Amino acid sequence: MGSEGLPTAPPIPFQDAAKVSLANAQLRRNMGKATRTIRGKRELVVAEMPDWEGLREAGRAIKERTIRHLDRALIQLEASVQQAGGQVHWARDAEEARKIVADVAKSHDVKAVIKVKSLTTDEIGLNAELEAAGIEVTETDLAELIVQLAGDRSSHILVPAIHKNRSEIRELFREKLGAENLSDEPKELARVAREHLRKKFLTTTMAVSGANFAIAETGTVCVVESEGNGRMCLTLPNVLVSVMGIEKVIPEWNDLEVFMQLLPRSSTAERMNPYTSFWTGVTPGDGPQEFHLILLDNGRTRALADPHGRESLYCIRCSACLNICPVYERTGGHAYNSVYPGPIGAILTPLLVGEQNAPSLPYASSLCGACYEVCPVKINIPEILIHLRGKVVRHKQDQEGLRGRLDPEGLAMKLLAWTFREPGRFETAQRLGRIGQWPLVKNGTIEHLPGPVADWSAMRDLVPVPEQSFREWWRTRT
Amino acid sequence: MTALAADSDGHVFSQPVLFMRISLFITCFNDTMFPETGRAVVRLLERLGHTVEFPMGQTCCGQMHYNTGYQREAIPLVRHFVDVFREAEVVVSPSASCVGMVRHLYPAAAELANDPKLAEEVEALRPRVFELSEFLVGKLGVEDVGAYYPHRVTYHPTCHSLRMLKVGDAPLRLLRAVRGIDLVELPQATECCGFGGTFAVKNSDTSMAMLGDKLRCVLETKAEVCCSADNSCLMHIGGALHRQRAGVGTIHLAEILASTGTETEDRHGL
């Protein structure tokens with residue numbers, strides 16, 4: 001992984017990175033407990049909605065319509081924001097976006113910025129860039145602060161420190177915030193963080209945020225949060241820069257009603273989240289007097305160009321798919337090597353950076369389909385995973401020369417497919433399997449498999465191919 | 001569509017009035033590795049009065065290739081499946097994931113093949129392809145198939161049966177009607193067992209971590225056998241139970257439903 005939150009070349013394959021976290025019993029316990037709790041709560045608050053399926057359909061329809069006419073919605077948004085006194089910047093990639101933020105900071109000669117929790121700024125690797133320019137960056141979301149103080153990476157899109165438990169956090173605060181005699185009571189941990197942050201809120205003159213939604217009609221930007229730190233950042237400083245992915249635009253105020261019901265229930269399992277902030281450009285004498293909106297592409301138009309992958313841009317970053325995913329629950333987020341982990345990350349990351357730069361991610365799923373069931377905008381994650389697996393294989397076959405064409409897995413798959421094309425060949429293969437398995441069968445079972453399937457027998461026995469196939473039996477009947 | 005009938009012991013069960021000509025899609029995997037499941041499907045459907053045929057030309061639906069990314073390689077298998085079953089009145093299979101492939105992924109495969117004629121044929125065939133339990137309960141309206149299976153059983157709903165085909169509680173309805181059965185609920189039943197086709201090999205560590213939790217739930221039920229509607233998941237679950245010498249077996253739903261306690265073929269899962 002480079003300085004950005006997205007892989008720029010194939011990182012450590014998921015299956016290898018996962019080995020580390022799978023062997024970490026503490027992490028498994030933290031993750032299991034946290035995801036079980038949140039998905040149980042989500043189920044309850046979703047069940048009480050009589051029109052949940054209708055809401056999902058509506059949310060999906062709004063996103064589908066907007067993404068189809070994304071160009072128009074964005075130009076309308078730009079005009080509305082400008083009319084309300086804001087400045088709009090277009091950023092093709094992470095580097096351009098980082099530079100815009102840094103330039104704004106330099107133009108005001110600020111030495112420090114405070115941040116609202118934002119995946120998009122993590123995606124572009126903003127903190128490192130600002131720090132390199134001598135600007136102190138403070139994350140103000142509690143979990144994001146924990147991750148920042150620990151020099152760690154986020155492992156969940158909503159709960160970045162989900163992999164840490166409270167005693168680990170206590171130790172961190174003792175060390176980094178000088179809070180001696182601290183207990184691991186959540187209330188006390190929050191108090192220490194609050195005291196640390198309060199000083200920053202009152203002295204810092206520039207803030208950086210992301211955006212959950214931006215309304216094209218009015219130019220209003222919206223951030224949905226729980227702790228109130230966002231509200232502080234969005235109202236106290238003089239200068240505000242918001243970085244948003246171009247897919248976050250929605251056409252009208254009325255559309256928000258749908259998402260305001262879908263998002264809190266799906267993400268924090270709340271009927272309503274505690275703080276929802278809206279701002280439209282600049283209001284003289286009230287709040288930031290200078291507002292910049294950065295519209296970020298960074299691979300989104302690449303995803304948009306894929307007719308099967310496109311719907312991944314409907315994502316409202318609720319994290320319900322992470323919490324329900326049996327793979328994510330066990331591996332944690334770091335194994336995905338992307339700012340977007342879990343099922344949505346396994347499709348979004350390869351779509352943003354190109355499948356050849358994240359080829360193991362589409363395989364990081366058993367295709368159980370639980371993510372699709374809970375997605376508030378009905379993104380068919382399993383089918384997109386399969387679609388992307390196809391792209392990974394076709395890239396290997398068509399663009400990696402002889403090495404790609406001679407890949408052992410590919411050759412085996414081709415041979416098998418050739419076998420299945422004719423029932424005669426298939427039956428011969430059945431017989432060969434039955435005869436050829438004799439060195440492997442001991443006491444009526446197979447405990448060791450060779451070569452690429454050896455991993456099967458690492459922890460599982462295998463039944464041998466029986467004496468008579470079904471078709472052979474059927475023939476004896478007729 | 002159903003009427004009551006009685007077996008030789010005077011036990012009453014519902015019997016479909018409509019007799020169908022059923023084409024079996026046994027699947028390459030069951031054909032090769034678990035022929036007893038195929039034989040059970042034949043026994044069961046014939047006992048219910050239907051005519052069963054097994055088109056000998058059938059091989060593989062292409063699911064493994066398609067889901068692993070070898071989609072161009074799967075296209076000839078999609079064509080082959082359509083050729084073999086084109087004329088079938090109804091196709092029934094004891095594998096939820098293979099039926100899921102045909103019903104949900106064949107349209108995309110035909111699109112990838114850029115073959116409108118294939119797409120048309122897929123559309124015509126799709127609605128006639130059923131997984132065994134959804135066919136029995138949903139299509140034939142049968143729940144009591146006259147089975148006898150005096151064992152403690154727990155049922156694992158496979159992901160594809162549950163979330164792709166949405167068979168709902170059809171398998172449980174069938175099991176509840178089995179005489180002698182001691183059916184115990186599996187804790188956290190709807191969670192994936194970790195098989196996932198080539199996932200079990202490509203991501204074997206994660207697969208095992210998921211399986212570990214599934215085994216804990218299965219063992220907690222004190223069941224003698226774990227039953228499911230797909231032998232692939234069962235091979236994964238059963239393989240680990242066997243490795244651990246847990247003394248708990250696995251059995252396909254069809255084999256329990258075919259069991260009457262009177263036939264040589266009746267297998268008691270171990």
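Based on C-alpha pairs under 8 angstrom that are at least 6 apart in sequence, segment B:152-258 has a relative contact order of 31 percent.
When you restrict to C-alpha pairs under 8 Å that are six or more residues apart and normalise by the size of segment B:91-221, the relative contact order lands at 23 percent.
A simple rule links phi to the HN-Hα coupling: the Karplus curve 6.51 cos²θ - 1.76 cosθ + 1.60 with θ = phi - 60°, which for segment B:31-44 gives 3, 7, 9, 10, x, 5, 5, x, 5, 5, 4, 4, 4, 5 Hz, with x for Gly and Pro.
First obtain the Kirkwood hydrodynamic radius of the protein assembly as shown from its Cα pairs, then insert it into the Stokes-Einstein equation at 25 °C and 0.890 mPa s, and state the resulting D in µm² per second as a whole number. Working shown, then result.
Numbers: Rh = 28.0 Å.
Result for D is 88 µm²/s.
Computed 3J(HN,Hα) for segment A:156-163, one whole-Hz value per residue from the Karplus formula 6.51 cos²θ - 1.76 cosθ + 1.60 where θ = phi - 60°, is 7, 6, 10, 10, x, 9, 4, 7, glycine and proline marked x. Exposure proxy for A:Ile100, A:Ile384: other Cβ atoms within 10 Å of each Cβ, ordered fewest to most, give A:Ile100, A:Ile384.
Considering only DSSP beta bridges where both residues belong to chain B, give the percentage that are antiparallel (nearest 5).
On the way: 5 of 25 bridges.
Expressed as a percentage, antiparallel bridges in chain B total about 20.
According to the square roots a ≥ b ≥ c of the eigenvalues of the Cα gyration tensor, what is the shape class of segment A:412-477, taking rounded for a/c under 1.5, prolate for a/b larger than b/c otherwise, and oblate for the remainder? Oblate, because a/c is 1.5 or more while a/b does not exceed b/c. For B:120-133, what's the mean count of beta carbons from other chains sitting within 10 Å of each residue's beta carbon? The shielding value for this peptide is 0.
Each Cα pair under 8 Å and six or more residues apart adds its sequence gap; the mean of these over the residue count of chain A is a relative contact order of 20 percent. Using a Gaussian network model of chain B in which every pair of alpha carbons under 10 angstrom is joined by a spring, one finds that among B:Gly146, B:Gly100, B:Gly239 the greatest mean-square fluctuation is at B:Gly239.
Which pairs break 30 Å Cα to Cα here: A:Lys41/B:Lys166; A:Lys164/A:Lys391; A:Lys176/B:Lys202; A:Lys176/A:Lys378; B:Lys166/B:Lys222; A:Lys33/A:Lys391? Intermediate values should be presented prior to the final figure.
Details: A:Lys41/B:Lys166 24 Å; A:Lys164/A:Lys391 36 Å; A:Lys176/B:Lys202 41 Å; A:Lys176/A:Lys378 42 Å; B:Lys166/B:Lys222 28 Å; A:Lys33/A:Lys391 35 Å.
Pairs exceeding the cut-off: A:Lys164/A:Lys391; A:Lys176/B:Lys202; A:Lys176/A:Lys378; A:Lys33/A:Lys391.
Which of the cysteines found in chain A have nothing to pair with, since no other Cys Cβ lies under 4.7 Å from theirs? Flagged as lacking a Cys partner: A:Cys222, A:Cys233, A:Cys315, A:Cys318, A:Cys325, A:Cys375.
Cβ neighbours within 10 Å, averaged per peptide: list A:69-81, A:402-414 in order, most packed at the top. Spell out each step's value before the answer.
Numbers: A:69-81: 17.4, A:402-414: 13.3.
Output ranking for A:69-81, A:402-414: A:69-81, A:402-414.
Gaussian network model of chain B, Cα springs within a sub-10 Å range: biggest mean-square fluctuation belongs to which of B:Ser133, B:Ser95, B:Ser23? Result: B:Ser23 has the largest fluctuation of those listed.
Each of B:Asp115, B:Asp205, A:Asp398 was scored by other Cβ atoms within 10 Å of its Cβ. Listed from fewest to most, they are A:Asp398, B:Asp115, B:Asp205. For B:Ile22, the residues whose amide H sits under 5 Å from its own are B:Thr51, B:Val52, B:Glu53, ignoring neighbours fewer than 5 places away on the same chain, with H placed 1.01 Å from N.
So for the protein assembly as shown: antiparallel DSSP bridges make up what percent, rounded to the nearest 5?
On the way: 18 of 62 bridges.
The antiparallel proportion sits near 30 percent.
Measuring r between the beta carbons of A:Glu95 and A:Arg174 and using R0 = 30 Å, the FRET efficiency lands at 0.20.
If neighbour count is taken as other Cβ atoms inside 10 Å, put B:Leu125, A:Leu295 in order from fewest to most. Can you show the working numbers first?
Details: B:Leu125 19, A:Leu295 23.
By the 10 Å Cβ count, ascending: B:Leu125, A:Leu295.
Starting from the Cα gyration tensor of chain B, take the square roots of the eigenvalues, sort them a ≥ b ≥ c, and report rounded, prolate or oblate (rounded when a/c is under 1.5, otherwise prolate if a/b is larger than b/c, else oblate). Present the calculation step by step, with values, prior to reporting the outcome.
Details: a/c = 2.03, a/b = 1.13, b/c = 1.79.
Taking the square roots of the gyration eigenvalues as a ≥ b ≥ c, chain B is oblate.
Since every read-out is calculated from the coordinates, none of them should be taken as a lab result. These figures come from a predicted structure and were not determined experimentally. Methodologically, a virtual Cβ is constructed for each residue, glycine included, from the backbone with ideal geometry; neighbour enumeration extends over all protein chains shown.
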